[in-house]
Every structure is written in C-alpha cells, then in structure tokens.
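The values are calculated or read from the model by the stated rules, or taken from the named source; none is laboratory data. What you are looking at is a predicted structure, and each value in this text was computed from that prediction instead of being measured. When we count neighbours, we look across all protein chains shown, and the Cβ atoms used for this are built from the backbone with ideal geometry, even at glycine.
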Amino acid sequence: MKKIAFSLLAVVAAVVVVLVAQKRPHEISVLPLPVSVQASGDEFKLSASTGFLAEGAGEAGRIAADLEAEFAARTGLEFTEPQQEGKNILFVLEDGDENGSEAYHISVTKDQVVVKAEAPAGLYYAGRTLGQLLFQQGHSWVLPTCEIADAPRFAYRGVMLDVTRHFFTVEDVKRFIDRIADLKLNTLHLHLTDDQGWRIEIKSWPELTAVGAACEVGEGDGGFYTQEEFKEIVRYAAEHYVTVIPEVDMPGHTNAALVSYAELNADGKKKEPYRGIKVGFSTLDTRKEATYRFVDDVVREISALYPAEYFHVGGDESRVTEEEDYIYFMNRVKPIVNKYGKKLIGWEEVANAAVSSGDVIQIWKDRQNIDLAFSKGAKVLISPAEHAYLDMQYDSTSRIGLHWKGYVELDRAYNWDPAEVANVEGDEQIFGVESALWTETVENFDDISYLTFPRLAGHAEIGWSPRESRDWDGYTKRLVRYAPRLEAAGVAFYRSPLIEWN
Ligand code: ACM
C-alpha cells in the first residue's frame, strides 16, 4: 500500500515538473481591467534599437516620444535612432472618431508592437497599458505577446479635489493629474470656492483673492490660482487627456466671498474668516441684484479659462437658504451658466430647481434625488459618499479622514455599481462616475496620496471596465502588481490589511 502511494506521488511530481517546464502565457495584469486580453506566451524584447514610431497626426508622435522617455527611465536603455525595419513599437492614429473615442487596440508579437486608436486619447491609454505590461526577465526588459482590445464603460470618469479646505499648489495638482491619468480617469473637478477660502483670481472682484483666499482649515495661509496658473493646470491636464471642470459652490459654502464683499451679505456686513470644518452656515443673499452681478462676473471670467462643456455650480448643503430662495437662485444662475457657453453640473440638491436635459446632477447621498433628476430629463453623475468619498477613513485607525458615512475600506470602495446605485438597467442615464477628495484633514501631498490610493484604482475600474468583469480577487491581485508604479512615483499609499502586498 505504501509502495503504491509512493509511486503515485512520483508520477504526480513528474507531471508537475513537465507542466512547469512548459511555456505558459505570462500573467498579464492591467488596472483598470481591459475589455479583452489574450496572452500568447512569448515576448517582445526591448533593446537599444527598439524604435518608438508614430503614424498619423502630431499627437501620436508626442505620445510615442513620452512612452520612449518613460521606458528609457525605467529600463536604463538608451534608445538609438529608430530603424523602420527594426523591432519597433508603432503608434497608429487611424481614421475615425478623432475626438470622441478612447478605445485602443494593442498587438504585441515577438517582432513588433502595434498600437491603434481613432483618437489620441486611445493611443495615450494604450501607453498607460504598455507601461503596466513591461517587466524585467533576467537581464532583459520584455513585453508579453498578446492582443488587447479596450474601451471605457463610461465616457466621464472623474475625481474631485477640494483645494479650499486646504490649498494645494499647481505642482501638487499636476502630480495628482499624473496619477489619475495613469488610471485612465479623464476629468478633474476642482472645488475652487468654499467657506474657508476662495481659490481663483476674479479680476472684476479682486477682494475675493486679496481677502477671501488668505485662510484655510487650521493655521495655514491658504492661497489661490491666478487665471494664468489655472490655465496652466488646464493645459497640463489636457496633455494627459484630462478635462478640468471648475466648481464655484453657491449659494451656500460661500463664507470666503461673504468675508470679501459686504454687499453679498443679507445684513450688508462682511463676515469673519472661517478656519473650522462645519458646513451649512453661509449663504449669498439670493434677493439682491449685486449677487447676480457677482455670479455673472465669476462665471464669465472662469468660463473663458477652460474648454470643457460644463460649469459646476455646487448647490449642496445650503441649509440657511430658504427653499424658495434656493430655487429662485438656481433658476437665475442656470441661464448665466448657459449664456457663457457652459452646461450646468450641480450637487444633487440642484435637482429641486428648474434643471433640464443637458444638465448633470451629481449624486452624493439621497437616492430620491436620482428620481427627481430623471423626472426632469437630467443625467446623473454618481458619487455615493459611502463608496466614492476619498476623505472617508478606511477604518478607526486611519491617521486622517472623516467617518460621517462610516468607514470605506478597499472592498467597500470597489464592490458596488453605478447602475445599481441609480437603480437603472442600462447606463444611458448615467453621465459617469466621480470620486471626491474633501480636504478638511488633508494638508499635503502625502495626505492626498494616503486617502486617494489605492482606493481610486477601484473607482477607476468601476468607471472603465465592463460591469460583468468586476472581481474582487482579481482586482486585489492587479492592485499588488500596480503598487510599484505608485511607489516609483513617490505615492505614499495606504497598505490595506485586506491585501497581501509583496
Ligand atoms: C457634499 O459632500 N457636500 C457634496
């Protein structure tokens, strides 16, 4: 009996050895998960003679050159002048949907890599994917041979950064853009004004920044972006296929404006600066014409600084504005936004005003506002606090963050779906998905990193990958493989105990 068992063991061992010796396709790990990946078991080897070539319009060349620079830095290879006949990485901008499509196709064989897309954004995203495919094998740097076909589920995949509770420099914002773009997110919503600070230069109302910007939560000096600096953020974002959407929160969350100008206050007196973290105590005087001159100037000046279709009017937590005054206010603000060529986005409370199709309602807490938005023909941007708020603590030991919506560990940030939240079958009425980082407890880039990553990777996958492919186990494995990319970028991310980090 013992002998038989031993022989059996020997046979099993031999089979295992043979299986391991056989060439298996490399495990391909890309985050967010692509629509389709087929590995074919071989490798494309990079060498100094690998060319990074582009066919088609100008942006393809820049994207190829950027990937060359990234691969040179990572591999130490000094790529020489490319040979047309060599083993190259070729970016092809195909005829088709030049503006709209973010889809791409990658084909890696032993002899070449061909990337195809109809729009530059698709080529850029293919570059993000190739960056994750590259790995070191012995002394060589290789890409696994494969075919990848990919396209996003939602056209709008956003993140909001609150630069009011604490101010963040242009350099910080650029670093943030680098990281969100790497996850194929395409919109940066900047929360520019709130009770604690006014963060954007308005030339016709200079006290907003002379007075209203010099404050933030705690002891700090605050700060603001000049219009030129804001345009620089917009330009840099566009280079990373990220659209910037500014938010001016009103009629509540306006103490910084009320500190700056007496005439915006109901009692005609300036307010005191506010360094705390309470909400819902401030309001513009909705019945004064000065208020609408102010809104008109602010919307006019900011709208001229960026190309995106939307202007975010805030509208949340206006708890000291009477309901009829709130509705009156929003109904006057919407035509102003439209007059300057923008469509309106507002937090879900705005659904109570005269919104219509073309407007976007950003859902953060009450599901009934989704039905209200739909009843008016508006689409919904999905940002449920219990899943998508990056300022929620991971657990009771998190060093910063809030927990008014409970704790949001990585599983709670990943295991949900926008269509389920909106209670709809298809995605047609869903404008997109957005994560939000409020910064009451966030003082520097390491704080941003800790609360944003890796949770944002889960949100990115929800926005990009097909709903049917949602898979916690697969996601956590891909996250472990993605972590070195964050480390290389100096991102001090949260090492969740739910993940077996290497
Ligand atoms: C919000 O969290 N007040 C939109």
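Some observations on this one:
- Pair list, Cβ under 9 Å, 6 or more apart: region 272-294 residue within 30 Å of Leu402 (Cα to Cα) and away from the ligand (no atom under 16 Å from the Cβ), other residue part of a helix (DSSP H, G or I) and among the β-branched types (Val, Ile, Thr): Glu272/Val259; Pro273/Val259; Leu284/Thr291; Leu284/Val295
- Residue check, His166 surrounded by 17 or more Cβ atoms within 10 Å (Cβ to Cβ), out of contact with any Phe, Trp or Tyr (no Cβ under 7 Å at 6 or more places or on another chain) and not hydrophobic (A, V, I, L, M, F, W, C): yes
- If only residues of region 379-392 that are small (Gly, Ala, Ser) and not in a loop (DSSP other than H, G, I, E, B) are counted, the one that is farthest from Ser435 (Cα to Cα) is Ala385.
- Residue that is modelled with the lowest pLDDT, among those in region 346-359 that are part of a strand (DSSP E or B) and more than 15 Å from the ligand (Cβ to nearest atom): Ser357
- If you go through region 295-336 and pick out every residue that is away from the ligand (no atom under 16 Å from the Cβ) and touching a Gly at 6+ places or on another chain (Cβ under 8 Å), you end up with 1.
- Arg399 meets the stated requirement of being within 26 Å of Tyr274 (Cβ to Cβ) and either at pLDDT 95 or above or crowded, with 23+ Cβ neighbours inside 10 Å (or both).
- A Cβ distance below 6 Å, combined with a sequence gap of six or more or placement on separate chains, defines the contacts here; from region 247-266, residues that are closer than 17 Å to Glu289 by Cα and of a type in the set (Val, Ile, Thr) reach residues that are assigned to a loop (DSSP other than H, G, I, E, B) and within 14 Å of the ligand (Cβ to nearest atom) in the pairs Thr254/Ser282.
- Lone unmet requirement of (1) charged (D, E, K, R); (2) within 16 Å of the ligand (Cβ to nearest atom); (3) farther than 25 Å from Leu344 by Cβ for Glu247: (3)
- Selected residue [surrounded by fewer than 18 Cβ atoms within 10 Å (Cβ to Cβ), within 14 Å of the ligand (Cβ to nearest atom) and basic (Lys, Arg)] from Lys339, Lys343, Lys365: Lys365
Yes/no matrix, rows are residues, columns are (1) in a helix (DSSP H, G or I); (2) in contact (Cβ under 8 Å) with a residue 40 or more places away in the chain; (3) within 14 Å of the ligand (Cβ to nearest atom):
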| site | (1), (2), (3) |
| --- | --- |
| Ile361 | no, no, yes |
| Gly377 | no, no, no |
| Tyr394 | no, yes, no |
| Glu420 | yes, no, no |
| Asp427 | no, yes, no |
| Val433 | no, yes, no |
| Thr439 | no, yes, yes |
| Tyr450 | yes, yes, no |
